[in-house]
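Here is the structure we will look at, set down as structure tokens.
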Amino acid sequence: MERKVCEECGGKIEKRLVEYNLLGFSLGKFEAEVCNQCKEEVFSEETFNKIEKKTKELGLWGLHARVKVNQLGNSVAVTITKPISEFLKLKKGRDVIIYPEDKHRLIIEIPED
């Protein structure tokens, strides 16, 4: 069934091609239902399957991980998984900058060489 009205704000739904970005990579433009007021984008299951396929082709699928915080001397350590370290091109001895964005998000910046 085609949506005509946005469930969130009551705006009008239009079909459009929208750019889909993931982890800083453009996966291309895909058809979505877009609200003309709140700009919410909704993809069909078929379109999502195309996005998922493209994500896997580019090696961007599954780069999230749940890890434990460990004790390391007087500090704590968080392990970065191999797929994430390969994606970020992290090597042992590389300097990074780490800081909290808020109480629930930690940022790790990798300075350019």
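Computed from the coordinates by the stated procedures, all read-outs in this text should not be read as laboratory data. Quantities reported herein were computed from a predicted structural model and do not represent experimental measurements.
What the table shows:
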| item | result |
| --- | --- |
| Dimensionless Rg ratio for segment 1-67, taking C-alpha atoms and the 2.2 N^0.38 Å reference | 1.28 |
| Relative contact order of segment 69-109, pairs being alpha-carbon contacts under 8 Å that are 6 or more residues apart, as % | 21 |
| Relative contact order [Cα under 8 Å, 6+ residues apart], the chain, whole percent | 13 |
| Rounded Å value of the spacing that divides the Cα centres of segment 70-84 and segment 31-49 | 38 |
| When the chain is reduced to its Cα atoms, the Kirkwood hydrodynamic radius in Å | 17.6 |
| Taking all pairs of distinct alpha-carbon atoms in segment 69-109, Kirkwood radius in angstrom | 11.8 |
| Relative contact order %, segment 13-57, counting alpha carbon pairs below 8 Å whose residues are six or more apart | 31 |
